[in-house]
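The values are calculated or read from the model by the stated rules, or taken from the named source; none is laboratory data. The structure presented is a predicted model; accordingly, all values stated were derived computationally and were not measured. Every residue, glycine as well, gets a Cβ built from its backbone with ideal geometry; the counts of neighbours run over all protein chains shown.
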Amino acid sequence: MKNIFLLAILGIFLISCSSEKAEPADLIFTNGIIYTVNEAQPTAEAVAVKDGIILAVGSVEEIEKHKGDNTEVIDLQGETMTPGLIESHAHLMGIGYNKLELDLMYVKSYDELVEKVAEAVAKAEPGDWITGRGWHQDKWIEMPEKMVKGFQTNDQLNEISPDNPVYLSHASGHAAFANGKALELAGINNLKGERPGEVEGGEIIRDELGNPTGILAEKAAGLVARLIPADTPERAEEALTLALKELNEKGITSFHDAGSGQNTIDLIQKFKNEGKLTVRQYVMLTGTQPALLEEWYKRGPMIDSADHMLTVRSIKLNCDGALGSRGAWLLEDYTDRAGHRGHETLPMSVVSEVSEKAIPAGFQVCAHAIGDRANQEILDRYEAAFANHADSKQLRFRIEHAQHIHPDDIPRFGEMGVIAAMQAIHLSSDRPWAIDRLGEKRIIDGAYVWQKLMKSGAVVTNGTDAPVEPVDPLPSFYASVTRKTLQGLPDGGYEGDQKMTRAEALKSYTLDGAFAEFEENYKGSIEVGKVADFTVFDKNIMEVPEDEILETKVAMTVVGGKVVYKK
């Protein structure tokens, strides 16, 4: 009888303990399909948040215990939540300015481009600059009758804009298209030999008579770009506001800005101070300003350990061009342009110098390399700089794009701990014509080789390089897992053995992106103690048929426990 009495008391005690409320949350997300990117707990149904930090992850019943009198509950209604997506390589102000200028990303022909410019000219005063970005001749459904070295000429631009200088950046940002008025202002005239076609690190494309066609490749674009009037502070603020709004709507909670100067850093800081910064920023210092780098070597990194909204601890170097403009620096000739191997847009001695200075100063180096020659040269420079460092993998140096790599260099990424900061969407957009640039063997051996890199032990991050491509992560996620164009071609994808699994693709957009900015212990997965950065989708991107990924929309974006966007 005594034993029965004791058991009864124990039972009452256990029941009372189990019904006790856990620590109350500020916010609960419940009734969803949650992919955590945490191997110890891959999925969940609900998440509790307190003070912007994840308090608990589990089932609906488990998280219900954290509901207090003042807890806000968001019913996900079966929608899919992931860690907040991290855009690991794009251009913040470029996204904003792209909305203030002519957006040529979707033009399908040269005639359509000319129509857009003509509309802008009709609204402009004589002498006003007409600027835009986004055209890509290899994506046009029809080509103009006259082409020189794979590009259009500016004859039609000259007809519709004789008095307004026109400067239109290629989608890649590695070439520009200017009309005669702009070339005249830059001193690039039609007299053969007056200015040579070759420019250090670039090229002025000329026709068979020696006349400039308006195409300025790589550094040659700067001859005209430097004449465009500087932006006002008010316009810069407008551009940043538009960029942040776009990122919120696309589910981006953290952003790696691939190369900015002090003015942009100061503007982001201003927005942070005013409470207007709604996306975490990891800014790379532009390597185009040596004096700026020298200042920061002395100052040291700016690591935001308080609210993690603005960190500056890396340097971006632009070392070659793009495949689209035939500027990527190759070991062998372009298949579609004999005798041409692209451009070294930065002396490799600068990569060595910056790397040697960056390491003791505490900076990560992120070098743009698309061609196999550029990737090889940069790996060589990194390796030499690492020689006197005990654990080079802790430095987390990066190669941005790593698009075309010689097979011998692929294992070096994993061996050296060099992060491959890639953009899967480039496979969808570029692969149909990239084979003309590189030929089948080079494509198969070393282009867009995500699995080969991951199997080497390398971390591969994901992104879009916006405004080169739209900043929307879903097309890039789709490209990662299908290796198809956005039209769904070809069946099985291009070089299908290099596809990512959906889990790998999600990790490349979350935890791997966090690792690439030294923040994997703070964000990138949905775990207790990490920040409450979430992206919610209206479809289950981890389970739906491939073609439905592109139909998926972002339903909600959460940064630090605050809803910054809701559809």
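Table for the structure above
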{"item": "Some residue of segment 462-481 being more than 14 Å from F255 (Cα to Cα) and more than 18 Å from the chain's Cα centre (by Cα)", "result": "no"}
{"item": "Candidate set: segment 72-102, residues that are among the hydroxyl-bearing types (S, T, Y) and in contact with a strand residue (DSSP E or B) (Cβ under 6 Å, 6 or more places away or on another chain); chosen: the one farthest from K316 (Cα to Cα)", "result": "T80"}
{"item": "Filter result (hydrophobic (A, V, I, L, M, F, W, C) and within 21 Å of the chain's Cα centre (by Cα)) within segment 277-301", "result": "L277, V279, V283, M284, L285"}
{"item": "Lone unmet requirement of (1) more than 21 Å from R398 (Cα to Cα); (2) modelled with pLDDT under 95 for K499", "result": "(2)"}
{"item": "Residue in segment 390-399 that is over 25 Å from P475 (Cβ atoms), crowded, with 18+ Cβ neighbours inside 10 Å and more than 21 Å from the chain's Cα centre (by Cα) present", "result": "yes"}
{"item": "Subset tally (residues that are surrounded by 21 or more Cβ atoms within 10 Å (Cβ to Cβ) and touching a Gly at 6+ places or on another chain (Cβ under 7 Å)) for segment 529-557", "result": "7"}
{"item": "Extreme residue, surrounded by the most Cβ atoms within 10 Å (Cβ to Cβ), among residues of segment 82-99 that are in contact with an Asp or Glu (Cβ under 7 Å, 6 or more places away or on another chain) and of a type in the set (A, V, I, L, M)", "result": "L92"}
{"item": "Total residues in segment 552-567, condition in contact with an Asp or Glu (Cβ under 9 Å, 6 or more places away or on another chain) and at pLDDT 95 or above", "result": "11"}
{"item": "Among (1) assigned to a loop (DSSP other than H, G, I, E, B); (2) surrounded by 15 or more Cβ atoms within 10 Å (Cβ to Cβ); (3) among the aliphatic types (A, V, I, L, M) - the single one M143 does not satisfy", "result": "(2)"}
{"item": "Scope segment 290-340; condition more than 29 Å from G362 (Cα to Cα), surrounded by fewer than 21 Cβ atoms within 10 Å (Cβ to Cβ) and touching a strand residue (DSSP E or B) at 6+ places or on another chain (Cβ under 7 Å); matching residues", "result": "H340"}
{"item": "Selection status of E353, in contact with an Asp or Glu (Cβ under 8 Å, 6 or more places away or on another chain), of a type in the set (D, E) and either over 22 Å from E200 (Cα atoms) or surrounded by fewer than 23 Cβ atoms within 10 Å (Cβ to Cβ) (or both)", "result": "no"}
{"item": "Scan of segment 464-473 for residues that are surrounded by 23 or more Cβ atoms within 10 Å (Cβ to Cβ) and at pLDDT 95 or above, ordered by number", "result": "T464, D465, A466, V471, P473"}
